[in-house]
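The block underneath contains the structure these notes are about, expressed in structure tokens.
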Amino acid sequence: QVQLTESGGGLAQAGGSLRLSCAASGRIFTITGMGWYRQAPGKQREMVAAITTGGTTNYVDAVKGRFTISRDNAKNTAYLQMNSLKPEDTAVYYCAVAVAVGRPYDYGYWGQGTQVTVSS
């Protein structure tokens, strides 16, 4: 079983920055992809950013140019650097890990979620 531990959430002012971390532990043979989702109050969960082992990244339009996803393969850790934060970024952020070969977006494991609150 793979466990994901998230950290880095908290309060930020509009225009500020936060960095989320997601460390994977457990019986891991390979990680093919990692991603970040978020769920705002009263809204459905949405994909925010994703990265494959090859370094391919994808972002939801709302965060392009502001958020950067990265991965430290040696530490099995993913990061989400969030800059130029906006109040609409307020949500619970969840990290996810894919372990299926050839399916880097097939997330089989999820973190517990970390709250990000952005005030104006």
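To the nearest 20 debye, what charge dipole does region 40-108 have about its Cα centre, counting +1 at the Cβ of each Lys and Arg and -1 at the Cβ of each Asp and Glu? Present the calculation step by step, with values, prior to reporting the outcome.
Numbers: 8 positive and 6 negative charges, 11 e Å.
Here region 40-108 has a charge dipole of around 60 debye.
Expressed as a whole percentage, what fraction of the accessible surface of region 49-120 belongs to carbon and sulfur atoms when a 1.4 Å probe is rolled over the protein heavy atoms? Walk me through the numbers before you get to the answer.
Details: 1630 of 3460 Å².
Percent of accessible area from carbon and sulfur atoms in region 49-120: 47.
Counting heavy atoms of the protein chains only and a 1.4 Å probe, report the per residue accessible area for the chain as a whole number of Å².
Working: 6230 Å² over 120 residues.
Accessible area per residue, the chain: 52 Å².
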Candidates 26, 54, 42, ranked by Gaussian network fluctuation over the chain, Cα under 10 Å, top entry:
42
State the Cα centre-to-centre distance between region 1-55 and region 68-120 in whole Å.
1
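Length gain on complete extension for the stretch residue 3 to residue 57, per 0.36 nm per residue less the alpha carbon to alpha carbon distance?
17.2 nm
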With a point put 7 Å past each Cα toward its Cβ, work out how far residue 64 is from residue 43 in nm, to one decimal.
1.7
To the nearest 0.05, what FRET efficiency results for residue 106 and residue 72 with a Förster distance of 25 Å applied to their C-beta separation?
0.70
Gaussian network model of the chain, springs between alpha carbon atoms under 10 Å - residue of 72, 106, 89 with greatest fluctuation
72
Candidate aspartates and glutamates - alpha carbon under 18 Å from residue 75, same-chain residues fewer than 8 apart omitted:
6
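Suppose we look only past 17 Å in the calculated P(r) of the chain. What percent of the Cα-Cα pairs does that tail hold? Spell out each step's value before the answer.
Working: 3601 of 7140 pairs.
Percent of Cα pairs beyond 17 Å in the chain: 50.
The values are calculated or read from the model by the stated rules, or taken from the named source; none is laboratory data. All values reported here derive from a predicted model rather than from experimental measurement. Cβ atoms come from the backbone with ideal geometry, glycine included; neighbour counts cover every protein chain shown. Surface areas here come from the heavy atoms of the whole protein model, side chains and all, with no ligands, DNA or RNA. Shrake-Rupley method; radii C 1.70, N 1.55, O 1.52, S 1.80 Å.
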